[in-house]
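One structure below.
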Amino acid sequence: MLFKPEAVGASFHQISRGGDITYHGPGQLVVYPIFDLDTLGMGPASFVAALEDTIILLLADYGLTATRLDGAPGIWLDAGTAPRKICAVGMKISRGCTMHGIALNINTDLRYFSYIVPCGLPDKAVTSMAQELGRPLDMAEVSETLQSKLRLCLPIALH
């Protein structure tokens, strides 16, 4: 590996989840839900779609129009014109149980993404809610909004 993560105060960890390299750090809301899909009555694709729907609904509450982008995992802004990834999605499912999940860029220092090819997509930009809205956001408030949207999108009551 040519890049030395420690040179910018980062570390590198190899894991086995969907997708390619990503960044997790301050200013992100990283959610790794652990569910038994049989208990939920869902398959892998419908579970991932529910997580994506959760983020799309959350972003709409902040006036951001987000969507999926064919051939590129995650949640995107301006997918049809100038796509910018705002949320990474990477799942692994083993014995019907989910692992890993999503990383929503809220107040994220986007410079860290310049050291990697996020999710293996060299020609795509990365953004954050703060960058799009022109102001920092309260992480606890966004987390509460996410929880309420998860309750809408998953077929169980979350506590």
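Residues considered: Leu59, Leu64, Leu29, Leu51. Of these, the only one that is in a strand (DSSP E or B) and either surrounded by 14 or more Cβ atoms within 10 Å (Cβ to Cβ) or modelled with pLDDT under 95 (or both) is Leu29.
So that you can scan it fast, the table gives a plain yes or no per residue for (1) surrounded by fewer than 15 Cβ atoms within 10 Å (Cβ to Cβ); (2) among the aliphatic types (A, V, I, L, M); (3) within 11 Å of Val126 (Cβ to Cβ); (4) touching a residue at least 60 places away in the same chain (Cβ under 8 Å):
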{"position": "Asp70", "(1), (2), (3), (4)": "yes, no, no, no"}
{"position": "Thr81", "(1), (2), (3), (4)": "yes, no, no, no"}
{"position": "Arg84", "(1), (2), (3), (4)": "no, no, yes, no"}
{"position": "Asn105", "(1), (2), (3), (4)": "no, no, yes, yes"}
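In the stretch 102-132, the residue that is modelled with the lowest pLDDT out of those that are hydroxyl-bearing (Ser, Thr, Tyr) and over 19 Å from Ala79 (Cβ atoms) is Tyr115. The set of residues from the stretch 39-48 being loosely packed, with under 14 Cβ neighbours inside 10 Å, modelled with pLDDT under 90 and part of a helix (DSSP H, G or I) comprises just one member, Thr39. Arg135 - would you say it is in contact with a Phe, Trp or Tyr (Cβ under 8 Å, 6 or more places away or on another chain) and modelled with pLDDT of 90 or more? Considered against the rule, which asks whether it is in contact with a Phe, Trp or Tyr (Cβ under 8 Å, 6 or more places away or on another chain) and modelled with pLDDT of 90 or more, Arg135 comes out as no.
The values are calculated or read from the model by the stated rules, or taken from the named source; none is laboratory data. Predicted model, so just to flag it, every value in this text is computed and none were measured. In this analysis, Cβ positions are derived from the backbone assuming ideal geometry, glycine residues included, and neighbour counts consider all displayed protein chains.
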